[in-house]
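Structure, as structure tokens:
The values are calculated or read from the model by the stated rules, or taken from the named source; none is laboratory data. Bear in mind that the values here come from a model prediction, so they are computed numbers and not experimental data. Glycine also receives a Cβ, built like all others from the backbone with ideal geometry; neighbour counts cover every protein chain displayed. Areas reflect the complete protein model, heavy atoms only, side chains present, ligands, DNA and RNA absent. Shrake-Rupley method; radii C 1.70, N 1.55, O 1.52, S 1.80 Å.
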Amino acid sequence: MSLDNTPHPSVKHCADTVDARYIHGRPDHELVPSRYALKVGEIDVMVISDGVLSLPGAMLGHNVDPAVRGAWLEDMFLPPDVLEWALNAVVVRSGGRTILIDAGIGEEYPDMPRVGLLAMRLEAAGIDPTSVTDVVLTHMHMDHCGGLLADGVKERLRPDLRVHVAAAEAEFWESPDFSRVSMPPGFPDALRRTGKRFLKEYHSQLRTFENEYEVAPGVVVQRTGGHTPGHSVVRLASRGDRLTFAGDAVFAVGFEHPDWYNGFEHDPEEAARVRVRLLRELAANREALVATHLSFPSVCHVAVDGDVFRWVPGPWEY
Ligand SMILES: [Zn+2]
């Protein structure tokens, strides 16, 4: 896929051409609650799915021979041309604060009916928007901040809400560089638009940090860079238990092929270095991992497998 900085009509083009064609039929999706709760020491954690995004298969490694990429998809029992991307957000409760980590894509994309479900699913989980004291954004791509721009959402959030994002991220979206990405048509424009709109609408709630900030007891957001200049991960630690929400630092293919460049990475080399560093650390300290685009509920561990890594899904505990 070539670099794409030319104007395109909309993201609709992509949604139409890569519409989901997963081999299994699905029941009405709300038969599946799409939330999963766990504890990290004294911290309450709930993973909530915003839905599933369908993207072109090439997104998973644009620096890789298409035949090699196709073989990986085949080995994973996935269709050859569509990447089904889970879209997970997390709600964390610690020290009397309720923290939403990332917010899904919102409702600006009616052509992608299987995403933008976070508001409905928060409500179904009994989480009142006014109870949310803090939002942490791993970065400002639209699938992470768009949910806060959906109709009526801001009005339902408390006026003293704090939105934590790395200073480098807020600065980046003033004039973002898309020269190294490889996205489907329509996406660069939609991402630019959403990033700018978010900065404008949430200007007074933004609380920026340089490299690290403790949002609540045992809840620390840390800037990694790579995927975007201010991309951050959230580290949870309580009573000897640990879990990291990795945002877009780790994708499903990244365990086996950490050096494959994802099309949404603004600095792909640095994103790969961040990925390897984080996976090595999580494997060494046996910490749990949750990431935005790992298949829901995505709670897993990381093992070292020779020069690369192995994804070890966590057991369903209910
Ligand atoms: Zn993402």
Percent RCO, i.e. relative contact order, over the range 104-236, from Cα pairs under 8 Å lying at least 6 residues apart:
26
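Extension gain R97-V68, at 0.36 nm per residue separation less the Cα-Cα distance, in nm?
In short, 5.8 nm is gained.
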Can you work out the accessible area per residue across the chain, with the rest of the protein chains kept in place, probe 1.4 Å, in square angstrom?
44
How large is the charge dipole for the range 177-294, taken about the Cα centre, if only the Cβ atoms of Lys, Arg (+1) and Asp, Glu (-1) carry charge, to the nearest 20 debye?
300
The correct ranking of L122, L60 by accessible area at 1.4 Å, largest first, is L122, L60
Once R0 is set to 30 Å, what does the formula 1/(1 + (r/R0)^6) return for the Cβ-Cβ distance between D111 and L31, expressed as a FRET efficiency to the nearest 0.05?
0.80
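Going by accessible area, probe 1.4 Å, with all protein chains left in place, what is the ranking of T208, T133, largest first?
Sorted by accessible area, descending: T208, T133.
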Honestly the range 158-289 on the Cα gyration tensor test (a ≥ b ≥ c root eigenvalues; a/c under 1.5 rounded, otherwise a/b vs b/c for prolate or oblate) is just oblate
If you average the sequence gap of Cα pairs under 8 Å that are 6 or more apart and divide by the length of the range 186-266, what percent do you get for the contact order?
18
Candidates D248, D81, D134: whichever shows maximal mean-square fluctuation once the chain is modelled as a Gaussian network with Cα springs under 10 Å
D81
Straight-line reach from K39: which aspartates and glutamates fall under 18 Å, measuring Cα to Cα and dropping same-chain residues less than 8 apart?
D241, E287, E317
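Note down the magnitude of the dipole of the range 246-318 about its Cα centre, charges +1 on Lys and Arg C-beta and -1 on Asp and Glu C-beta and zero elsewhere, to the nearest 20 debye.
Details: 6 positive and 12 negative charges, 46 e Å.
Dipole of the range 246-318, to the nearest 20 debye: 220 debye.
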Counting other Cβ atoms within 10 Å, keep those with at most 12, restrict to DSSP loop, and tell me which trypsin sites (Lys or Arg not before Pro) in the range 189-274 are left.
R239
Total formal charge among the other residues, if their Cβ is under 11 angstrom from that of L53, Lys/Arg +1 and Asp/Glu -1:
-2
Sticking with the crude label model, points 7 Å out along Cα→Cβ, report the distance from R162 to D128 in nm, one decimal please.
2.2
So, with +1 on the Cβ of K and R and -1 on the Cβ of D and E, and no other charges, what is the size of the charge dipole of the chain about its Cα centre, to the nearest 20 debye?
660
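Express the relative contact order of the range 19-130 as a whole percentage, based on alpha carbon pairs under 8 Å and six or more residues apart in sequence.
30
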Put +1 on the Cβ of every Lys and Arg and -1 on every Asp and Glu Cβ in the range 26-139; which of L38, V135, G70 then has its Cα farthest towards the positive end of the dipole?
L38
Just by accessible area at a 1.4 angstrom probe, what is the order of Y202, Y213 from largest to smallest?
Y213, Y202
